[in-house]
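Reviewing the structure listed below.
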Amino acid sequence: MNRTTIALGLSVLVITSCAKRPDAISPSAIPESAYTNLSCSDLAKTRADEEANLKALSVQQTNAANGDAFGVFLIGVPMGSVTGGDKEGLISVSKGKIQAMEANRLSKGCGG
């Protein structure tokens with residue numbers, strides 16, 4: 001292999017291993033039935049708790065993405081992802097839970 005091929009391969013690896021921004025992360029498929037046993041008030045509280053969790057995870061993910069951009073710029077390594085700052089999976093699940101709770105809220109006819 002020549003050096004150009006190796007450099008190109010490493011560049012692709014570094015770019016694809018960078019942490020995504022929270023708004024670029026898709027929700028996981030969580031069944032609405034996971035929340036059918038909750039009353040409207042319990043559903044509202046659970047959703048508020050999950051939204052707070054998502055907000056905290058999003059801050060951590062943004063920090064990881066910023067750290068990755070800075071690390072790649074300075075030393076060519078996505079530092080946020082390397083140090084375990086990437087919360088993509090947790091954010092995806094949290095978004096899926098919120099969607100499932102909203103669908104359940106609508107199907108039950110719960111208010112606001």
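The values are calculated or read from the model by the stated rules, or taken from the named source; none is laboratory data. Being a predicted model, the structure only gives us computed values, none of them experimental. Every residue, glycine as well, gets a Cβ built from its backbone with ideal geometry; the counts of neighbours run over all protein chains shown.
Considering only residues of the range 22-48 that are within 20 Å of Q61 (Cβ to Cβ) and touching a Ser or Thr at 6+ places or on another chain (Cβ under 7 Å), which is modelled with the lowest pLDDT? Among residues in the range 22-48 that are within 20 Å of Q61 (Cβ to Cβ) and touching a Ser or Thr at 6+ places or on another chain (Cβ under 7 Å), the one modelled with the lowest pLDDT is P22. Taking the range 72-112 as the range and being within 20 Å of the chain's Cα centre (by Cα) and modelled with pLDDT under 85 as the test, the residues that pass are P78, M79, G80, S81, V82, T83, G84, G85, D86.
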